[in-house]
1. Filter segment 14-31 down to residues that are in contact with a helix residue (DSSP H, G or I) (Cβ under 9 Å, 6 or more places away or on another chain) and not in a strand (DSSP E or B) and give me whichever is nearest to residue 67 (Cα to Cα).
2. Here are the criteria: (1) surrounded by 13 or more Cβ atoms within 10 Å (Cβ to Cβ); (2) at pLDDT below 95. Tell me which single one residue 81 does not satisfy.
3. Could we say that residue 11 is assigned to a loop (DSSP other than H, G, I, E, B) and either in contact with a strand residue (DSSP E or B) (Cβ under 7 Å, 6 or more places away or on another chain) or surrounded by fewer than 18 Cβ atoms within 10 Å (Cβ to Cβ) (or both) here?
4. With the requirement that a residue be outside any helix (DSSP H, G or I), within 20 Å of residue 78 (Cα to Cα) and in contact with a strand residue (DSSP E or B) (Cβ under 7 Å, 6 or more places away or on another chain), what does segment 50-67 give you?
5. What is the one condition in (1) part of a loop (DSSP other than H, G, I, E, B); (2) exposed (fewer than 13 other Cβ atoms within 10 Å of the Cβ) that residue 35 does not satisfy?
6. Can you pull out every residue in segment 19-32 that is touching a residue at least 24 places away in the same chain (Cβ under 8 Å) and exposed (fewer than 14 other Cβ atoms within 10 Å of the Cβ)?
7. Applying the selection to segment 50-64, what residues are surrounded by 15 or more Cβ atoms within 10 Å (Cβ to Cβ) and either within 16 Å of residue 9 (Cβ to Cβ) or touching a helix residue (DSSP H, G or I) at 6+ places or on another chain (Cβ under 6 Å) (or both)?
8. Can residue 13 be described as at pLDDT 95 or above and at positive phi?
């Protein structure tokens with residue numbers, strides 16, 4: 001199974017969207033500072049993830065979630081949590 005994940009930077013309030021075939025390992029890499037794109041944006045919180053049955057579907061879903069409509073979907077999907085920040 002492959003996963004698309006959304007991280008929230010508690011430092012700057014911005015999102016990071018990515019995909020992986022090992023969600024637990026990838027989250028550990030982000031939280032530990034081993035990922036260049038999120039290293040200076042820690043602490044990070046896993047806000048959302050989806051499972052996909054193959055890599056291609058996960059990559060396409062990641063691309064959609066990074067688009068304007070995808071970002072709107074994610075903000076709406078997590079609106080109650082984001083209001084409480």
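1. Within segment 14-31, the match that is nearest to residue 67 (Cα to Cα) is 14.
2. Residue 81 satisfies all of (1) surrounded by 13 or more Cβ atoms within 10 Å (Cβ to Cβ); (2) at pLDDT below 95 except (1).
3. It is true that residue 11 is assigned to a loop (DSSP other than H, G, I, E, B) and either in contact with a strand residue (DSSP E or B) (Cβ under 7 Å, 6 or more places away or on another chain) or surrounded by fewer than 18 Cβ atoms within 10 Å (Cβ to Cβ) (or both).
4. Selection gives 50, 51, 52, 66.
5. (2)
6. The answer is 21, and nothing else.
7. Within segment 50-64, just 52 meets the criteria.
8. no
The values are calculated or read from the model by the stated rules, or taken from the named source; none is laboratory data. Everything numeric here is computed off the predicted structure, so don't read it as measured data. Cβ coordinates were reconstructed from backbone atoms using ideal geometry, including for glycine residues, and neighbour counts include every protein chain displayed.
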